[in-house]
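Chemist: Sending over a structure as structure tokens; questions will come in a sec.
The values are calculated or read from the model by the stated rules, or taken from the named source; none is laboratory data. Just so you know, these numbers come straight off a predicted model, no measurement behind them. We place every Cβ from the backbone using ideal geometry, glycine too, and count neighbours over all the protein chains shown.
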Amino acid sequence: MKFAKFAAIALAATILPFASAMAQTIKIGFITSYTGQNASVGVMMDKTVKLWMKEHEKDLPAGVKVEILTRDDTGPNPETAKRLATELVTRDKVDFLAGVIWTPNAAAIAPIAAEAKTPFVIMNAGTSAIIPSGGAPYTVRVSFTLWQSSLPLGQWAAKNNLKKVYSLVSDFGPGIDAETAFKKGFTDGGGNLVEAVRMPLATQDFAPFMQKAKDAKPDAVFVFIPAGVQATGVMKAYSDLGLAKEGIKLIGPGDITTDEELPNMGDVALGAITMFHYSAAATRPANQAFLKMWQRDYGANDWPAFEAAATWDGMMAIFDTIKAQGGKVNGEKSYSLLKGWKTDNSPRGPIMIDPENGDIIQNEYLRRVEKVNGVLGNVEIETFQTAVKDPWKLLNPKK
Amino acid sequence: MIFKWFNAEQGSAVERFAKRDRLNPLELLPWILAIAAYYVFPSYLPLGSQILLTILFAISLDLALGYAGIITLGHAAFFGVGAYSAGLYALHVTGEPLSGLVVAAIAAGILGLLSGLVILRTTGLTLIMLTLAVLLIVQEFANRARPITGGADGLNGIAMLPIFGVFRFDLFGHTAYWYCLSVLFVMWIFGLLLVRSPFGRSLTGVRENITRMHSIGAPVRRRLVTIYTISAAMAGVAGALLAQTSQFVGLATLGFERSGEIVIMLVLGGIGRIYGAIVGVVIFMIAQDSFARANPAFWSFWVGLLLVLIVLFARGGALGIADNLVALLRGRKK
Amino acid sequence: MDAFLSAFVSILFHGLAYAMILYVISVGLSVTMGLMGFVNLAHGVFAMLGGYVMTTLMNRYGIPFGFALLAAFIAVALFSIVLERLLYSRLYRAGELEQVLFSIGIIFMSVALVRYTWGALPQRMVVPEMLRGSLDFGFRSFPTYRTFLIIVSFGVIAALWLGIERTNFGAQVRAAVDNRRMAESLGINTSKLFTLTFALGSGLAAFGGGMGADILAINPQYAQDYLIYFLMVVSVGGLGSIRGPFVAALLLGIGDTACRYLVPEFGAFFLFAAMMGILLWRPMGLFGKA
Amino acid sequence: MSALETQLLCKNFGALSVANKIDFRLEPGARHALIGPNGAGKTTFINLITGRLTPSSGIIKLAGEDVTALSQSGRVKRGLGRTFQINTLFRGLSVLENVFLTVCEREGIGNSILRRANARKDLLEESYALLESLHIGDDALNIVRELPYGKLRLVELAIALALKPKVLLLDEPAAGLPSSETAIVFDTVQQLPKDIAILIIEHDMDLVFRLANRITVLVQGTVLVEGTPDEIQHDARVREVYLGEGDHG
């Protein structure tokens, strides 16, 4: 038995080079963080790519193969990201660049994509300005922008009787976007943002910040931190300091109740209100199918979060582009196909890539953390807005 | 021919000693290899440029750590300051690269001089902590001075003018490679002159025995501050090369990881011999480029293991091992 | 005025909790550095392992918090004995650079191994039911767990100080820190003393790491992320001192908290500047031997 | 004018006084021995003179010039050289280089970066000649770390001599040496030019009396007595506190 398997592998190894020489191999350079801060997110994105390949490699046109070249950018480390991207396009001659958790990394890669005419699919980084209003040549985004979630959240908060809100965000691009967007939505609606504090990106213990927020006695605290490990820390501080007991609500974009961390947070997360585009607890069939596959492969206690959804959709977009070209891809063509690409079959509902600038258009859902079958989940209460374009670009048409 | 080299030491003790530091034809080998690499591995040029500028950084560290014995975990402070000043200069003054290098060297050198004057009075753990403190302060400043440095998002949109108005920085890194190689070559010559000069020899004395150095009348602290400043300026040039070739400067240039890694690379090659910097960086970065790709998460395990093994069994690093082999061969010839 | 007082109390409380954790973790490092002259940057690895052992026992095997914490102390202390005998003891006579490199090597290996074993996500620390929420002290309420943490730490510290002052072992440690040769000539088995001290220090670090998992999240980068803080406590406090690091930890814990609370836009800038100032003023630390 | 002079030199470590109002003169060309029981403060006295330690009070003069505030290197430049009781050498370097570095500092070229150090053949030759005179020329290219103890004492002496000092402080130059090498040390010292003033700490009384033309006895940081060898030998106090103990004579 074992020998047979070994023989089969040996045989495959001998034949494979010939087989692949005949077939058309399309290379995707996948850059994410396997180490450093938020390595867990990188691992999740990697799992998504593997799952996608397992499920959908067979959908490719006959003779076409896809090869994923994974690279580790080691965290918010744009020089490394930039070098890896350069190598992927010059040395490995990849047909697509994809992945990227961190905004500065994505911003560093975008010019490379443009110069090499290699489409770059951003699967996480959410600062609006990575893709300016006129678009960034060869760069598209399938994930989200902070403006998409935080602006509507501000509008919601103003309408729902939260008069005084205290803002706590991580001090880097996305955090500042979140703060600015929320402030705009909230103050335009008549709300009062009592204080806006920017915390160092590497903060681990949020208690001092949360304590100060509590001492200011607001109706709610608006928080943004990069999704992942820090979300649990925020929730812990919120819980330990008893803000809930004082009636101070916790609100923010979905990063603060990210699906894979929710089980770590415990019941204190119950009732947190977030605005976001994806929830693992969403009941739409596309998500249920996605979740089922995920938990089949990675265990019932493993939850895909929005990064997984974006990676999934990004792979879908790339595969659709490959299929549309019959397997003979060309950078220019791929980019024009990616712009305007849409699907109704994403785990997060209908999505589209803005044909004008390449950024994502998607629905925003108002969610509340509740228990579903004994497990904490971001339950979607309402579809707050549909087909949201990046508001930042609408407000800053010249940038 | 090669055996002749092994047996090169002939003549009286004084003559043999006097000949030791003379430029050996073998010392040109790395440069021939570097030029050959350009033609043999044209698709590895971005990595090549990174290696070259990291070698420069390692040489700068070798001057301070290897020769003068200043144990520092904060050398990235100078690398980062060089990178940021080159980046800011390109953004706000001119994208001309060579003057950018000078600006970076001056900025990093000033920091080296000022911090050196203050911290080089101490030794041991205190000195290590103070080098770290300088790094952390600079890092924290870069992190918080968002309007100037871009904070955690870094300095983006640096546009470089062509070198001498002729050679444009291209995507494939041809220009960058030659640029880094030329700067490294000049700095290498400077470094060699320095360590083989009486000044350089006296630094070795400081490293070997600071008490004795005092007692033979050497102005020890002034020497230390001088070499620390030179080393800082050189690290600044390395940082500037990174800023100019990658056209981006981020907080990682000031990272503790960068400080630690450069020490590791230098030790891996062998400290206090300039060439240790070259060998160590080349081995480390090529290994990292291939291993880290196969299994990024486990890369650090191998680095760690290697370090422990070097400390326990091979203190001289790669070149130390080579020395021992040569000594063995020589012994057999006799 | 009320706001001022409330801010003051907040800073003091959170700073104190943070300081206690830093001290319990770092005190072992101070003693081993003073005693053996070993620059062990990898001390945080023991704290991290303590955190992992504790959270694993609690989350996977349902062992109660107290027992899990104790088990972490014992397990890590035993493990550190092996490490000390096998590796550290070879390098007591080596130079600082070698020791620094060696311990960085240990950190690197631990990062990869821990990641391999436990994954990249930080470990969940489920605080026992009775320690959750906050305690009402009348004039204001404090998080229960942190209050508990401060009290327990004070207990541990009191025990440690008494132990060092009153027991024979403590006397030997003090003698050896003061003058190793003298201690040896008095017939103290310094090799055994080193091993025991190392184990105790590592065990305490594990204890602190476990107890502080709530504040310093247990993740593979732990030893690297907090290295600077442990070193700051030790170098500012003074090598070999037991009380110096306590003062340093208080300064650091309360200072850091105050910076974050009052001037978040400056981050840890003042903190590092203060460390530099103190070390320049007193290179051997506040309580170090001149 | 004395080659070296201290006036009321004091050094306290906390409550402990290790140098107590030491008035001392070293005349040009003197062969002066400093003796005293262990812990008398002899090495401390030398460290005060060379500037390794800063005195709590008092004055140090070299050739009439007050050098109390000068750095160690400043004093060396004014002709002060020393050996250490415990070998203080560049252990990782060759014997020749140990001396060569010293010669370079003496010549004041230690700041120069313009040419190769080893190209200064004249200085190398001088260094080598010094080694030859101490019978360690054959070890010139050996690394100090690998030499036996006896030869290290000679290297220690060679370094001090390489400075061509006017005042030479020898801290137990023959400590731990076998008699053959002790002889080399003392022959060398005796053959030094007569204008060099030498202060020597030594426990071997035979050597002290053979070499010295003047002796100072230091007890507990205080000068007990000073005089010619003859006077010291017959001084009752010295016999009582020092020779009386018997373990050094």
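Chemist: Pick from segment D:82-123 the residues that are aliphatic (A, V, I, L, M) and touching a Phe, Trp or Tyr at 6+ places or on another chain (Cβ under 6 Å): which of them is nearest to the other protein chains (Cβ to nearest Cβ)? If you could, list the steps in order and put the result at the bottom.
Modeler: Quick first cut of segment D:82-123, residues aliphatic (A, V, I, L, M) only: D:86, D:89, D:93, D:95-96, D:99, D:101, D:103, D:109, D:113-114, D:117, D:119, D:123.
Next, from what is left, pick out any that are touching a Phe, Trp or Tyr at 6+ places or on another chain (Cβ under 6 Å): D:96, D:113.
On the way: D:LEU96: 6, D:ILE113: 4 Å.
Among those that are aliphatic (A, V, I, L, M) and touching a Phe, Trp or Tyr at 6+ places or on another chain (Cβ under 6 Å), it is D:ILE113.
Chemist: Determine whether segment D:62-74 contains at least one residue that is at pLDDT below 85 and either outside the structural domain of D:GLN220 (by TED's automatic domain parsing) or polar (S, T, N, Q) (or both). It would help to see each step written out before you state the result.
Modeler: Filtering segment D:62-74 for residues at pLDDT below 85 gives none.
No, segment D:62-74 has no match at all.
Chemist: Within segment B:81-96, does at least one residue satisfy the condition of being over 24 Å from B:LEU161 (Cα atoms) and not charged (D, E, K, R)?
Modeler: Taking segment B:81-96 as the starting set, the residues that turn out to be over 24 Å from B:LEU161 (Cα atoms) are none.
Scanning segment B:81-96, I find no residue that is over 24 Å from B:LEU161 (Cα atoms) and not charged (D, E, K, R), so the answer is no.
Chemist: Something else about it: So how many residues does segment A:324-341 have that are out of contact with any Asp or Glu (no Cβ under 7 Å at 6 or more places or on another chain) and over 17 Å from A:ILE112 (Cα atoms)?
Modeler: Of the residues in segment A:324-341, 11 are out of contact with any Asp or Glu (no Cβ under 7 Å at 6 or more places or on another chain) and over 17 Å from A:ILE112 (Cα atoms).
Chemist: Residue check: is C:PHE108 without any contact (Cβ under 8 Å) to a residue 24 or more places away in the chain, part of a helix (DSSP H, G or I), aromatic (Phe, Trp, Tyr) and within 14 Å of chain B (Cβ to nearest Cβ)?
Modeler: Numbers: without any contact (Cβ under 8 Å) to a residue 24 or more places away in the chain: yes; part of a helix (DSSP H, G or I): yes; aromatic (Phe, Trp, Tyr): yes; within 14 Å of chain B (Cβ to nearest Cβ): yes.
When the stated conditions are applied, C:PHE108 passes them.
Chemist: Within segment A:49-64, does at least one residue satisfy the condition of being modelled with pLDDT under 90, under 28 Å from B:SER49 (Cβ atoms) and not basic (Lys, Arg)?
Modeler: No, that holds for no residue.
Chemist: So, A:ILE28, is that one out of contact with any Leu (no Cβ under 8 Å at 6 or more places or on another chain) and of a type in the set (A, V, I, L, M, F, W, C) or not? If you could, list the steps in order and put the result at the bottom.
Modeler: Numbers: out of contact with any Leu (no Cβ under 8 Å at 6 or more places or on another chain): no; of a type in the set (A, V, I, L, M, F, W, C): yes.
No, not satisfied.
Chemist: What's the number of the condition A:ALA62 fails, among (1) over 17 Å from the mean Cα position of the chain (by Cα); (2) facing another protein chain (nearest Cβ under 9 Å)?
Modeler: Answer for A:ALA62: the failing condition is (2).
Chemist: Also, quick follow-up: Kindly indicate whether C:GLY119 is small (Gly, Ala, Ser), out of contact with any Pro (no Cβ under 6 Å at 6 or more places or on another chain) and at positive phi.
Modeler: Numbers: small (Gly, Ala, Ser): yes; out of contact with any Pro (no Cβ under 6 Å at 6 or more places or on another chain): yes; at positive phi: yes.
Yes, satisfied.
Chemist: Continuing with this model, one more query. Where in segment A:135-243 are there strands (runs of 3 or more DSSP E), lying fully within it, with 2 or more residues that are surrounded by 21 or more Cβ atoms within 10 Å (Cβ to Cβ) and away from every other protein chain (no Cβ under 14 Å)?
Modeler: Details: elements: A:139-141, A:164-170, A:192-199, A:220-224.
In segment A:135-243, A:139-141, A:220-224 are the strands (runs of 3 or more DSSP E) which contain 2 or more residues that are surrounded by 21 or more Cβ atoms within 10 Å (Cβ to Cβ) and away from every other protein chain (no Cβ under 14 Å).
Chemist: Determine, yes or no, whether A:GLY326 is under 26 Å from A:PHE182 (Cα atoms) and either outside the structural domain of A:LYS163 (by TED's automatic domain parsing) or without any contact (Cβ under 8 Å) to a residue 60 or more places away in the chain (or both). Break it down stepwise before answering.
Modeler: Working: under 26 Å from A:PHE182 (Cα atoms): no; either outside the structural domain of A:LYS163 (by TED's automatic domain parsing) or without any contact (Cβ under 8 Å) to a residue 60 or more places away in the chain (or both): yes.
Taking the combined requirement at face value, the residue does not satisfy it.
Chemist: Can you confirm whether C:LEU280 is surrounded by fewer than 24 Cβ atoms within 10 Å (Cβ to Cβ), at negative phi and more than 9 Å from every other protein chain (Cβ to nearest Cβ)?
Modeler: no
Chemist: Tell me which residues, restricted to segment B:33-53, are away from chain A (no Cβ under 14 Å) and within 20 Å of the chain's Cα centre (by Cα).
Modeler: Result: B:LEU33, B:ALA34, B:ILE35.
Chemist: I've got another one for you. Here are the criteria: (1) in a helix (DSSP H, G or I); (2) over 30 Å from D:ALA19 (Cα atoms); (3) of a type in the set (A, V, I, L, M, F, W, C). Tell me which single one D:ILE109 does not satisfy.
Modeler: Every condition holds for D:ILE109 apart from (1).
Chemist: Select, from C:PHE8, C:PHE13, the only residue that is without any contact (Cβ under 8 Å) to a residue 12 or more places away in the chain and either within 14 Å of chain A (Cβ to nearest Cβ) or buried (at least 24 other Cβ atoms within 10 Å of the Cβ) (or both). Spell out the reasoning first.
Modeler: On the way: C:PHE13 fails: without any contact (Cβ under 8 Å) to a residue 12 or more places away in the chain.
Of C:PHE8, C:PHE13, the one residue that is without any contact (Cβ under 8 Å) to a residue 12 or more places away in the chain and either within 14 Å of chain A (Cβ to nearest Cβ) or buried (at least 24 other Cβ atoms within 10 Å of the Cβ) (or both) is C:PHE8.
Chemist: Within segment C:31-54, take every residue that is within 11 Å of another protein chain (Cβ to nearest Cβ) and part of a helix (DSSP H, G or I) and give me the one that is nearest to C:ALA176 (Cα to Cα). Show your work before the answer.
Modeler: Step one: list which residues in segment C:31-54 are within 11 Å of another protein chain (Cβ to nearest Cβ), which gives C:33-34, C:37-42, C:45.
Checking which are part of a helix (DSSP H, G or I) leaves us with C:33-34, C:45.
On the way: C:MET33: 12, C:GLY34: 9, C:VAL45: 25 Å.
Looking at residues that are within 11 Å of another protein chain (Cβ to nearest Cβ) and part of a helix (DSSP H, G or I), I get C:GLY34.
Chemist: Something else now. I'm trying to understand the selection: among the residues of segment B:179-236, which are away from chain D (no Cβ under 14 Å) and under 24 Å from D:LEU89 (Cα atoms)?
Modeler: B:TYR228
Chemist: Now, a different point. Please find, among D:ALA158, D:ALA197, the residue that is over 25 Å from D:ILE60 (Cβ atoms) and either of a type in the set (Lys, Arg) or touching a residue at least 40 places away in the same chain (Cβ under 8 Å) (or both). Break it down into steps so the answer makes sense when it comes.
Modeler: Values: D:ALA197 fails: over 25 Å from D:ILE60 (Cβ atoms).
Criteria check complete, one pass: D:ALA158.
Chemist: Being out of contact with any helix residue (DSSP H, G or I) (no Cβ under 6 Å at 6 or more places or on another chain) and not in a loop (DSSP other than H, G, I, E, B) is the filter here; which residues of segment A:258-292 pass it?
Modeler: A:LEU262, A:PRO263, A:ASP267, A:ILE273, A:PRO285, A:ALA286, A:ASN287, A:GLN288, A:ALA289, A:PHE290, A:LEU291, A:LYS292
Condition check ((1) hydroxyl-bearing (Ser, Thr, Tyr); (2) surrounded by 16 or more Cβ atoms within 10 Å (Cβ to Cβ); (3) at pLDDT 90 or above) across all residues:
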| residue | (1), (2), (3) |
| --- | --- |
| B:LEU91 | no, yes, yes |
| B:GLU96 | no, yes, yes |
| B:ILE106 | no, no, yes |
| B:GLY116 | no, yes, yes |
| B:LEU120 | no, yes, yes |
| B:LEU135 | no, yes, yes |
| B:ILE148 | no, no, no |
| B:LEU155 | no, yes, no |
| B:LEU203 | no, yes, yes |
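Chemist: Taking A:GLN325 as meeting all but one of (1) more than 15 Å from the chain's Cα centre (by Cα); (2) modelled with pLDDT of 95 or more, write down the number of the exception.
Modeler: The failed condition is (2).
Chemist: Another question, if that's okay. Taking segment A:334-374 on its own, how many of its residues are more than 23 Å from A:VAL49 (Cβ to Cβ) and in a helix (DSSP H, G or I)?
Modeler: Residues in segment A:334-374 being more than 23 Å from A:VAL49 (Cβ to Cβ) and in a helix (DSSP H, G or I): 1 in total.
Chemist: Where in segment C:157-245 are there helices (runs of 4 or more DSSP H), lying wholly inside it, with at least 3 residues that are under 30 Å from B:TRP299 (Cβ atoms)?
Modeler: Numbers: elements: C:168-178, C:180-185, C:190-211, C:222-225, C:227-237.
Ranges flagged: C:190-211, C:222-225, C:227-237.
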